[in-house]
2 protein chains.
Amino acid sequence: MDYDSLKLENQLCFPLYASSRKITKLYRPILEPLGLTYTKYITMMALWEKDNVSVKELGEKLYLDSGTLTPLLKKLENQNLIIRKRNPEDERNLIVTLTKKGKNLKDEALKVPQEISSCINISPKDAKELHRLLHLILKQ
Amino acid sequence: MDYDSLKLENQLCFPLYASSRKITKLYRPILEPLGLTYTKYITMMALWEKDNVSVKELGEKLYLDSGTLTPLLKKLENQNLIIRKRNPEDERNLIVTLTKKGKNLKDEALKVPQEISSCINISPKDAKELHRLLHLILKQ
DNA sequence: TTATATTAAATTGTGTCCAATTTAATTGAA
DNA sequence: TTCAATTAAATTGGACACAATTTAATATAA
């Protein structure tokens, strides 16, 4: 019987899972002064790219559903970073809009990618290749 | 001002995080008939490779701490897959041992990697490269 | 020896994630 | 039209993750 396929070392998902958590952990102390968690941070990144979007659209971009986003967006609203408002054209849709404070946070956030990249030791070539492979999985 | 570093598309962590969750989601329905979650599954894989290990050793292998492992191991014990026992030589250590049922589950689990790999479309070459890059991050 | 330091698990509290269900609004077919 | 389907968020409940603290056992230095 061949049990090799059950060895941790031969898994692809396990290092994916472990390294994802490892890097999220790196973000924690860097984001904490901005009042953001990692999930809040990627949500803000999505909004900095495109404002006035529905929860559905945000969820598609972030690969998250309303079960995760609804409470998260409520917290961001409590922090006065966003406003949540129903779309008058179609009240089923909730539109998320950045506040002035939310927009201004972008400048403070500029240092985050810098600090992170100084923590992760990977060559530009490897980074590009990793990026390609991850999107390969994500896009199927 | 250059905001490109804040675009989701330019992140390395974001696709890592998103694809990790995506693949964990693939495991859910496959592991469910075995009574396992993904975290339980990797814990069992570690134990199938090496039995009679402490929580600390298990945590080092899985990159998890006692805050995650303690409740998880209690559940696995309730399922009669493992036994938890203090080491008489040093009562601080808790030793985790597979039961007969836990050992037998390995044969059932053999089909899991097969089913998963049929869901993920990646060439052997790309898989090998992805494996290398993830371990590069994990090992630093 | 004995008080202090260290170590290993367990506990506590917060923040996700997600499946499944519910609620409310809109669409569409008879 | 009108009632059944569809859609978008919100809610609920269960399972992690992890920082920080606590508890208990062991090691060590004065």
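The values are calculated or read from the model by the stated rules, or taken from the named source; none is laboratory data. Everything quoted here is computed from the prediction, not taken from an experiment. Note that each Cβ is placed from the backbone with ideal geometry, even for glycine, and that neighbours are counted across all protein chains shown.
Say whether the condition of being exposed (fewer than 13 other Cβ atoms within 10 Å of the Cβ), within 16 Å of the chain's Cα centre (by Cα), charged (D, E, K, R) and at pLDDT 95 or above is met by at least one residue in the stretch A:37-46.
no
Within the stretch A:7-19, work out how many residues are in a helix (DSSP H, G or I) and surrounded by fewer than 19 Cβ atoms within 10 Å (Cβ to Cβ).
3
Based on this model, can you work out whether B:Thr43 counts as near DNA strand D (Cβ under 9 Å from one of its atoms), more than 25 Å from B:Pro88 (Cβ to Cβ) and in contact with a helix residue (DSSP H, G or I) (Cβ under 8 Å, 6 or more places away or on another chain)?
no
Where residues in the stretch A:121-140 are more than 7 Å from chain B (Cβ to nearest Cβ) and under 18 Å from A:Leu16 (Cα atoms), which of them is surrounded by the fewest Cβ atoms within 10 Å (Cβ to Cβ)?
Going through the qualifying residues, I end up with A:Lys139.
Could you look through the stretch A:61-105, keep only residues that are in contact (Cβ under 8 Å) with a residue 40 or more places away in the chain and within 14 Å of another protein chain (Cβ to nearest Cβ), and pick out the one that is farthest from DNA strand C (Cβ to nearest atom)?
Here the answer is A:Lys103.
Across the stretch B:19-38, what is the number of residues that are within 12 Å of DNA strand C (Cβ to nearest atom) and out of contact with any helix residue (DSSP H, G or I) (no Cβ under 6 Å at 6 or more places or on another chain)?
Number of matching residues: 7.
Identify, from the list B:Lys50, B:Lys74, the residue that is at pLDDT 95 or above and more than 15 Å from the chain's Cα centre (by Cα).
Criteria check complete, one pass: B:Lys74.
Only one residue in B:Lys56, B:Lys22 is among the charged types (D, E, K, R), farther than 21 Å from B:Gly102 by Cα and in a helix (DSSP H, G or I), so which one is that?
B:Lys22
Does B:Leu138 satisfy the criteria of being within 30 Å of A:Lys139 (Cβ to Cβ) and of a type in the set (A, V, I, L, M)?
So B:Leu138 passes the test.
For the stretch A:63-81, give me the residue count where each residue is more than 12 Å from DNA strand D (Cβ to nearest atom) and among the hydrophobic types (A, V, I, L, M, F, W, C).
So the count comes out to 1.
Within the stretch A:107-136, count every residue that is in contact with a Leu (Cβ under 8 Å, 6 or more places away or on another chain) and either of a type in the set (S, T, N, Q) or assigned to a helix (DSSP H, G or I) (or both).
Total meeting the criteria: 12.
Against the definition (touching a residue at least 40 places away in the same chain (Cβ under 8 Å), buried (at least 16 other Cβ atoms within 10 Å of the Cβ), touching a Ser or Thr at 6+ places or on another chain (Cβ under 9 Å) and within 14 Å of B:Ile116 (Cβ to Cβ)), how does B:Leu31 come out, yes or no?
yes
For the stretch A:128-139, which positions are within 18 Å of B:Lys128 (Cβ to Cβ) and out of contact with any Ser or Thr (no Cβ under 6 Å at 6 or more places or on another chain)?
A:Lys128, A:Glu129, A:Leu130, A:His131, A:Arg132, A:Leu133, A:His135, A:Leu136
Report whether or not A:Glu32 is within 11 Å of DNA strand D (Cβ to nearest atom) and part of a helix (DSSP H, G or I).
yes
Does the stretch B:107-124 include one or more residues that are farther than 23 Å from A:Gln11 by Cβ and more than 15 Å from DNA strand D (Cβ to nearest atom)?
no
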